[in-house]
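> Please see the structure below; I have some questions.
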Amino acid sequence: MGKYDYIIVGSGIAGLYTALLAKEHGSVLIITKGSIDDCNTKHAQGGIAAAVGKNDSPESHFKDTIAAGDGLCNIETVHILASEAPACIADLVNLGVPFDTLNGEVALTKEAAHSVPRILHAGGDATGKHIEVTLSSRVRSSKIQVLEDCLVTEILVDRGTVKQVKALDCHTGSVEKFDCHFLVLATGGAGQLYKFTTNSNVATGDGIALAYNAGAEMIDMEFLQFHPTALHLPGVTPFLISEAVRGEGGVLRNVDGYRFMPDYTPEADLAPRDVVTRSILYEMRKTSSDRVFIDITQLPPYVTTTRFPQIYRFCRDHGLDITKDLIPVSPAAHYIMGGIKTNSWGETNIASLFAVGETACTDVHGANRLASNSLLEAVVFSQRIVERTIKKTAPKTPDTDQGTGVRCSLSQREPLETAPPPNLSTLQQLHWDKVGIIRNKENLTEAADVLATWQKCLPQPTDRPSHELNNLVITGRLVTEAALLREESRGAHFRSDFPQTLPEWQHHIILVKQ
């Protein structure tokens, strides 16, 4: 058994950045279920948003974020996000992140629902990869200890305060306990709930399930963002086609070559993600097709190949020349706005338990995340977590009140007499069909019944795949039950049986284990 001041679970941007800051104030252990580089961060293409341009301001960034969040953003945390962004970018530069430049200044691009160009990028469309490589190399050369191929399976809480974690060695099957003064969950999202996702296979809702089982509150779980444009090719895993492609002038066309987005919204191809995603779905149904296309052929080829080298190479390797050919795309699960409920310091309702990044919910995204705010959220609130731990003298239950919310528990459902077998592919198909882009009571109820049945019948997990399946079932129940409760449409949550956004629903749904 080891004892550390900080245990950080996860090795994406949130976990690594927290560790690099925390090492100045105590002993640090990073626990990650794969290798240190096995995370979602490296798949982030577009970039990181910050008001660093001459014609931009934190106030403008704040307003754009609030507008995208569709009435559920927390004013305080969005203000923190926007105002602290420039300093965090400067720190990433000091750490060695090689953001692209133009004429001696940082290069900025525009993405959907941003009023001005404010997206910094690295390697053209490989921003996440460059950030991950930079931070992981810093960690490797530091005194931070890293435990790879080790899955945290339980958080041990004593009298309302985190004391230990249990971790499974994914190779040997042995279980070890680790003591900590502060535990930071930075485990990423839950895209593996869905058949089609831009997420890597590590995104299995681990932190959400861990925290929920430990008694932490979950909030806004119904809000799961589907990225409108993932590469759609037979037999090819969905590959993200960045928002920045449309930001640089790419337009969406249907199978007949018609540019359809202006028919759905005045913002056309640069509308918020939830609007573009549903518009694409409607257009596919209208044209009886399973895809639409991004057209970027009007850009000079050298612009396309230098600005989007990763996308260009991937498409080229699959027989597409995007300087000449249209790019087939369709929506895919991308990001969960909800998660472990935290305050503006990353604290949960359990003393000494913090959460940051996609697994957390600071309410900066509201009902719909603004493009390129996710990497930013990770660094801004990592910094605040470490700042908070320095000031803490003794663990106490923090104040996590983030505005109005309805608190409830998962409904008690009778197990179904017959249910499909509980495995990953069945779970992913269930969520795609019943808890997807457009939802209704009948489908959500069916999914909730199946998930509740699975939760009761799944055997005790013994290895990484079985633990991940358990975590996905728990996370899926939270998403589905919250979606059933919210009888309106708002942001990324759309109910065909309740298609209007209703003022009486301008509050949060908070779920906690009974």
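> Of the numbered conditions (1) at pLDDT below 95; (2) of a type outside the set (Ser, Thr, Tyr); (3) surrounded by fewer than 20 Cβ atoms within 10 Å (Cβ to Cβ), residue 84 fails exactly one; give the number of that condition.
(1)
> Check 353, 270, 281 and return the single one that is modelled with pLDDT of 95 or more and not assigned by TED's automatic domain parsing to the domain that holds residue 367.
Answer to the check: 281.
> Checking residue 72 against (1) surrounded by fewer than 22 Cβ atoms within 10 Å (Cβ to Cβ); (2) outside the structural domain of residue 464 (by TED's automatic domain parsing); (3) more than 18 Å from residue 380 (Cα to Cα): exactly one of these is not met. Which one?
Condition (1) is where residue 72 drops out.
> Same structure, new question: Can you tell me which residues in the stretch 171-196 are within 14 Å of residue 472 (Cα to Cα) and under 13 Å from the mean Cα position of the chain (by Cα)?
Correct list: 187, 188, 189, 190, 191, 192, 193.
> Same structure again: Select, from 473, 479, the only residue that is among the β-branched types (Val, Ile, Thr), assigned by TED's automatic domain parsing to the domain that holds residue 203, buried (at least 20 other Cβ atoms within 10 Å of the Cβ) and touching a residue at least 60 places away in the same chain (Cβ under 8 Å).
Answer to the check: 479.
> In addition: Can you say whether residue 35 is assigned to a loop (DSSP other than H, G, I, E, B), surrounded by fewer than 22 Cβ atoms within 10 Å (Cβ to Cβ), in contact (Cβ under 8 Å) with a residue 12 or more places away in the chain and of a type in the set (Ser, Thr, Tyr), as far as the supplied structure shows?
Taking the combined requirement at face value, the residue satisfies it.
> Tell me, yes or no, whether the stretch 459-477 has at least one residue that is closer than 24 Å to residue 365 by Cβ, in contact with a Leu (Cβ under 6 Å, 6 or more places away or on another chain) and not in a helix (DSSP H, G or I).
no
> Can I ask one more? Return the pair list, or none, for Cβ contacts closer than 6 Å from residues in the stretch 138-159 that are outside any strand (DSSP E or B) to residues that are of a type in the set (S, T, N, Q), at least 6 apart or on different chains.
148/32; 148/35
> Residue pairs, Cβ under 6 Å, 6 or more apart or interchain, first in the stretch 429-442 and closer than 15 Å to residue 498 by Cα and among the charged types (D, E, K, R), second modelled with pLDDT of 95 or more and part of a loop (DSSP other than H, G, I, E, B). List them.
441/497
> Take the residues of the stretch 107-129 that are hydrophobic (A, V, I, L, M, F, W, C) and touching a helix residue (DSSP H, G or I) at 6+ places or on another chain (Cβ under 8 Å): which is farthest from residue 273 (Cα to Cα)?
122
> Filter the stretch 197-215 down to the residues that are within 22 Å of residue 493 (Cβ to Cβ), in a loop (DSSP other than H, G, I, E, B) and of a type in the set (Gly, Ala, Ser) and list them by number.
Selection gives 203, 205.
> Something else: For residues that are surrounded by fewer than 18 Cβ atoms within 10 Å (Cβ to Cβ) and within 14 Å of residue 185 (Cα to Cα), tally how many sit in the stretch 153-162.
Residues in the stretch 153-162 being surrounded by fewer than 18 Cβ atoms within 10 Å (Cβ to Cβ) and within 14 Å of residue 185 (Cα to Cα): 2 in total.
> Which of the residues spanning the stretch 45-83 are farther than 28 Å from residue 308 by Cβ, within 20 Å of the chain's Cα centre (by Cα) and charged (D, E, K, R)?
70
> Sticking with this structure for a sec: Within the stretch 433-458, which residues are of a type in the set (Lys, Arg) and surrounded by fewer than 17 Cβ atoms within 10 Å (Cβ to Cβ)?
Of everything in the stretch 433-458, those that are of a type in the set (Lys, Arg) and surrounded by fewer than 17 Cβ atoms within 10 Å (Cβ to Cβ) turn out to be 441, 456.
> Also, I was wondering about something else. Would you confirm, using the coordinates I've provided, whether residue 67 is hydrophobic (A, V, I, L, M, F, W, C), in contact with a helix residue (DSSP H, G or I) (Cβ under 6 Å, 6 or more places away or on another chain) and more than 23 Å from residue 142 (Cβ to Cβ)?
So residue 67 fails the test.
> For the stretch 220-231, state whether one or more residues are over 23 Å from residue 377 (Cβ atoms) and out of contact with any helix residue (DSSP H, G or I) (no Cβ under 8 Å at 6 or more places or on another chain).
For the stretch 220-231, residues over 23 Å from residue 377 (Cβ atoms) and out of contact with any helix residue (DSSP H, G or I) (no Cβ under 8 Å at 6 or more places or on another chain): absent.
> Hey, does the stretch 202-225 have a residue that's farther than 30 Å from residue 514 by Cβ and within 15 Å of the chain's Cα centre (by Cα)?
Within the stretch 202-225 (the criterion being farther than 30 Å from residue 514 by Cβ and within 15 Å of the chain's Cα centre (by Cα)), the answer is no, since none of the residues qualifies.
> When you scan the stretch 435-450, how many residues do you find that are closer than 14 Å to residue 222 by Cβ, aliphatic (A, V, I, L, M) and assigned to a helix (DSSP H, G or I)?
Summing the residues that are closer than 14 Å to residue 222 by Cβ, aliphatic (A, V, I, L, M) and assigned to a helix (DSSP H, G or I) in the stretch 435-450 gives 3.
> Then there is this: Only one residue in 303, 255 is touching a helix residue (DSSP H, G or I) at 6+ places or on another chain (Cβ under 9 Å) and hydrophobic (A, V, I, L, M, F, W, C), so which one is that?
255
> Determine which member of the set 448, 483 is in contact with a strand residue (DSSP E or B) (Cβ under 8 Å, 6 or more places away or on another chain) and either aliphatic (A, V, I, L, M) or over 18 Å from residue 189 (Cα atoms) (or both).
Residue meeting the stated conditions: 483.
> Out of the stretch 105-132, which residues are crowded, with 24+ Cβ neighbours inside 10 Å and farther than 16 Å from residue 243 by Cβ?
131, 132
> Of a type in the set (Gly, Ala, Ser), more than 22 Å from residue 489 (Cα to Cα) and in contact with a helix residue (DSSP H, G or I) (Cβ under 9 Å, 6 or more places away or on another chain): which single residue out of 351, 360 fits that description?
Going through 351, 360 in turn, just one is of a type in the set (Gly, Ala, Ser), more than 22 Å from residue 489 (Cα to Cα) and in contact with a helix residue (DSSP H, G or I) (Cβ under 9 Å, 6 or more places away or on another chain): 360.
The values are calculated or read from the model by the stated rules, or taken from the named source; none is laboratory data. Everything quoted here is computed from the prediction, not taken from an experiment. When we count neighbours, we look across all protein chains shown, and the Cβ atoms used for this are built from the backbone with ideal geometry, even at glycine.
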